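All remarks here apply to the structure that follows.
The values are calculated or read from the model by the stated rules, or taken from the named source; none is laboratory data. The shown structure was predicted, so the numbers you read here are calculated from the model rather than taken from an experiment. Positions of Cβ are generated from backbone atoms using ideal geometry, with glycine treated the same way; all protein chains shown enter the neighbour counts. SASA here: full protein model, heavy atoms, side chains in, ligands and nucleic acids out. Shrake-Rupley method; radii C 1.70, N 1.55, O 1.52, S 1.80 Å.
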Amino acid sequence: MRESRRIFRFAVIGTLNALIIAAVIWLMMDELDIDYMLSNITAYVIAQTHNFIWCKHWIFPLDDKEKKSNTWRQVLLFSIAFGMAYLAQFLFLVVLVEALNCDEYLAQFLGLFIYGGVNFIMNRRITFR
C-alpha cells in the first residue's frame, strides 16, 4: 500500500478517534464534572479499542497468515505504542494547563496532534511492520 494512502486512512480513523475522545471528555468534564486528567485518561483508553481494530484491518493490513500469527504480538506492541503516545500527549496537556495556564479544552485538542504523530510513527515502524 502506498504511504500516502496509509496516512490518509490514519487521518480518517484519527479523526473518528478525536471525535470519540472529544465526546467522552465533554461528557465527563461538562456533564459529570470530572477532573480533566481523569477525563483525558478515560477518553483515550476508550478510543484505543476502536483504533486497534481499524489499524489492524484497514490502515496496516497484513496477509491472512500474518494476521493470525501476530495478533497477540500486535496487541502488546500496540499497547506499548499507545502508552508512549499517550504519555507524550499527557505530559504536553499537563504542561499546557498547569504551567502555561492554557484552557483545559484547548490543551486537550492540541494534545491530539502530539498523540497522533507519535502513535502513527510507533505503529508504522514497530507494531504493524
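Give me a comma-separated list of calculated 3J(HN,Hα) values for region 25-37, in order, Karplus coefficients 6.51, -1.76, 1.60 applied at θ = phi - 60°, integers in Hz, x for any Gly or Pro.
Listing the rounded values in order: 4, 4, 4, 6, 7, 7, 8, 9, 6, 9, 3, 4, 5 Hz.
In what order, largest first, do 102, 55 sit by accessible area if the probe radius is 1.4 Å? Walk me through the numbers on the way to the answer.
Details: 102 30, 55 0 Å².
Ranking 102, 55 by accessible area, largest first, yields 102, 55.
Which whole-Hz couplings ³J(HN,Hα) result when phi for each residue of region 51-56 is put into the Karplus expression 6.51 cos²θ - 1.76 cosθ + 1.60, θ = phi - 60°, listed in order with x for Gly and Pro?
5, 4, 4, 5, 4, 5
Using the Karplus curve 6.51 cos²θ - 1.76 cosθ + 1.60 with θ = phi - 60°, work out ³J(HN,Hα) for each residue of region 113-129 in order, rounded to whole Hz, and write x for Gly and Pro.
Per-residue couplings from phi come out as 6, 5, 4, x, x, 5, 4, 4, 4, 5, 6, 5, 8, 10, 5, 10, 9 Hz.
Amide H of residue 102: which non-local residues (sequence gap of 5 or more, or other chain) have their own amide H closer than 5 Å, using H built in the peptide plane?
Placed amide hydrogens put 97 under 5 Å from residue 102.
List the residues, sorted by chain then number, that are 5 or more residues from residue 34 or on another chain and whose placed amide H is less than 5 Å from its amide H.
Long-range HN contacts for residue 34: 29.
With no solvent and one equal point scatterer placed on each C-alpha of region 89-129, evaluate the Debye formula and give log10 I(q)/I(0) for q = 0.26 Å⁻¹, two decimals.
Values, matching the q order: -0.75.
Work out Dmax and Rg for region 25-65 from the C-alpha atoms and quote the Rg first, both in angstrom.
Both quantities, over Cα of region 25-65: 14.9, 47 Å.
How big is the Kirkwood radius of the chain, worked out from every pair of different alpha carbons and given in Å to one decimal?
The answer is 15.2 Å.
Treating only the Cβ of Lys, Arg, Asp and Glu as charged (+1, +1, -1, -1), what charge dipole size does the chain show about its Cα centre? Round to the nearest 20 debye.
In total the dipole reaches around 1180 debye.
Sort 8, 60 from largest to smallest accessible area, using a 1.4 Å probe on the heavy atoms of the protein chains.
The most accessible residue leads, giving 8, 60.
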